[in-house]
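Note sheet for the following structure.
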Amino acid sequence: MTKRPLAGKIAVVAGATRGAGRGIAVQLGKAGATVYVTGRSSKLGLSDMGRRETIEETAALVTEAGGLGIAVRTDYTVEADGRALFGQVEEEQDGRLDLLINDIWGGDPLTAWGEPFWEHSLHNGLLIQQRGVHTHMMASYYAAPLMIARRSGLIIEITDGCDYRYRGNLYYSLAKIAVIHLARAMAADLAPHRVTALALTPGFLRSEAMLDHFGVTEENWRDGAARDVHFLQSETPAFVGQAAAALAADPNVHAKSGQALTSWGLSEEYGFADADGSRPHWGRYAAEHGF
């Protein structure tokens, strides 16, 4: 396989500021893609997530990796922002859009773990749905016509988990399961147009926020096992990033339309490894430990 299988391809990563979105954007760039790096946190102003990462930093990493990163500040809870973004892509890329990654989230500070749904803030619970589901719907709404016009394209819904089991908080579960079904439903509508939609989950993601939570860096991350031994099974955002890039480069990806896929499963199928050469398999580990 060529080292730049996505050269000439146009991608939008919605929610590319940090975490899985940043990891995916960088890996798409490494494969040669032009990536519109979108999200709320910009050098012009940060979001209410309280994080320091910006879309401009991610765009620079995409370009450094070998692609072209284009930062566009976009709040996907504002329809005018979403419409403007895809209008910009259509104008600048002569109507071409090959790939949309829906990784918009913003629900971490809104989720109260351990609280039953009737005691949880209803306002925050509904806001999780707006940020984690409605935004995905809007991005796909404006992206799909560009793909349909060319009878080609891939929409990937980033989620947590690959099934419908309860995830420990009703509002969190509802959002993460909803986008799995969103992928399946979009796949059905898009099938006659040869456009693919599917869901993809990382395992235990070693994001910037998780490194901070455990008080470690990527250099000494294993020290986090002192607080949670399961952290030793974590994966970098580059792992799910390679999964997304492998899917985008697969000429037969349409056969996977409607499916819920995993970083570890795709690692086995496509043969990629994490940044340190390891191949973490959260699914096997979770099954062994009864998660």
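The values are calculated or read from the model by the stated rules, or taken from the named source; none is laboratory data. Since this is a predicted model, take the numbers as computed values, not measurements. Positions of Cβ are generated from backbone atoms using ideal geometry, with glycine treated the same way; all protein chains shown enter the neighbour counts. Protein only, heavy atoms only, side chains kept; ligands, DNA and RNA dropped before computing areas. Shrake-Rupley method; radii C 1.70, N 1.55, O 1.52, S 1.80 Å.
Using alpha carbon coordinates only, what is the Rg to Rh ratio of segment 167-214, with Rh defined as the Kirkwood radius?
Rounded to two decimals, Rg/Rh equals 1.15.
Please give the per residue accessible area of segment 1-78, computed with a probe of 1.4 Å over protein heavy atoms only, in Å².
Here the residues of segment 1-78 average 41 Å² of exposed surface.
Please work out the Cα convex hull volume for segment 146-291 and give it in Å³ per residue.
125
If you average 1/r over all unlike Cα pairs in the chain and invert the result, what Kirkwood radius do you get in angstrom?
Its Kirkwood hydrodynamic radius stands at 19.0 Å.
Could you tell me what percent of the accessible area of segment 83-152 is made up of carbon and sulfur, with a 1.4 Å probe and every protein chain present?
It is 54 percent, rounded to a whole number.
Mind pulling the per residue volume of the convex hull built on the Cα atoms of segment 105-215? Å³ is fine.
Cα-based convex hull of segment 105-215, divided per residue, equals 111 Å³.
Report, to one decimal in Å, the Kirkwood hydrodynamic radius for segment 1-139 based on all distinct Cα pairs.
Taking the inverse mean of 1/r over all distinct Cα pairs, segment 1-139 comes out at 15.5 Å.
Convex hull over the alpha-carbon atoms of segment 62-164: what's its volume per residue in Å³?
147
Grab the DSSP H runs of the chain that are 4 residues or longer, score each as -39,500 (n - 2.57), total them, divide by all residues and round the 222 nm result to the nearest 500 deg cm²/dmol.
Roughly -12500 deg cm²/dmol at 222 nm, from the helical runs in the chain.
If I take every Cα pair under 8 Å that is 6 or more residues apart in segment 142-268, average their sequence separation and divide by the length, what percent do I get for the relative contact order?
31
Report D for segment 72-127 in µm² per second (integer): Stokes-Einstein, Kirkwood Rh on Cα pairs, 25 °C, 0.890 mPa s.
Rounded, D is 175 µm²/s.
Residue 113 accessible area, nearest 10 Å², 1.4 Å probe?
The accessible area comes out at roughly 140 Å².
Can you tally the net charge around residue 45? Count Lys and Arg as +1, Asp and Glu as -1, for every other residue whose Cβ sits under 11 Å from the Cβ of residue 45.
Result for the local shell: +1.
May I ask you to compute the full-extension gain from residue 225 to residue 213, defined as 0.36 nm times their residue separation minus their alpha-carbon distance, rounded to one decimal in nm?
Roughly 3.1 nm would be gained on extension.
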